[in-house]
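Q: Pasting a structure below so you can have a look.
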């Protein structure tokens, strides 16, 4: 075999290894009840829960609280099954959080609290066509 063939095979092997490693971190969206069950079963990270911020009867968002350190914050997320859960995030609040239609939190349970390590905002209305009369 030529050296170039060996190098190509090694590169392919490394690429396959990277893909397999990252595939293990992939996760489906689950409800808070399912996330809690996963945590009890031993899955301690990368649980994805999708939901909406809790709103009052007038449609105003409620439950966002600034952390003691003035950087972190917590909020109440309502998942697809309707369960409300306090979510804690140790980073500054994303600027479009209150405008997003759906929020995906990635993290795990610590006791009865969900600790998010990442927040992904879903804003489909941003990409929908708007009627413009000219």
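Q: Provide the three semi-axes, in whole Å and in decreasing order, of the ellipsoid equivalent to the chain as defined by the square roots of 5 times the Cα gyration tensor eigenvalues.
A: Over the Cα atoms of the chain, the semi-axes work out to 36, 23, 14 Å.
Q: Moving on. Quick check on the chain: helices-only [θ] at 222 nm, where DSSP H runs of length 4 and up contribute -39,500 (n - 2.57) each and the sum goes over total residues. Nearest 500, please.
A: It comes out at -7500 deg cm²/dmol, rounded to the nearest 500.
Q: Can you tell me the order of 39-47, 57-65 when each peptide is scored by its average per-residue count of other Cβ atoms within 10 angstrom, highest first?
A: Highest-to-lowest ranking by the protection proxy: 39-47, 57-65.
Q: Quick one: work out the % antiparallel among DSSP beta bridges in the chain, nearest 5.
A: Percent antiparallel among DSSP bridges in the chain is about 85.
Q: Hey, fewest Cβ within 10 Å first, where do 88, 37 land in order?
A: The fewest-first ordering by Cβ neighbours comes to 37, 88.
Q: Could you state the angle between the C-alpha long axis of helix 3-23 and the longest principal axis of the C-alpha atoms of the chain, as a value from 0 to 90 degrees rounded to the nearest 10?
A: The two axes meet at around 30 degrees.
Since every read-out is calculated from the coordinates, none of them should be taken as a lab result. As the structure is a prediction and not an experimental result, all values here were calculated from the model. For neighbour counting, all protein chains shown are included, and Cβ atoms are generated from backbone atoms with ideal geometry for every residue, glycine included.
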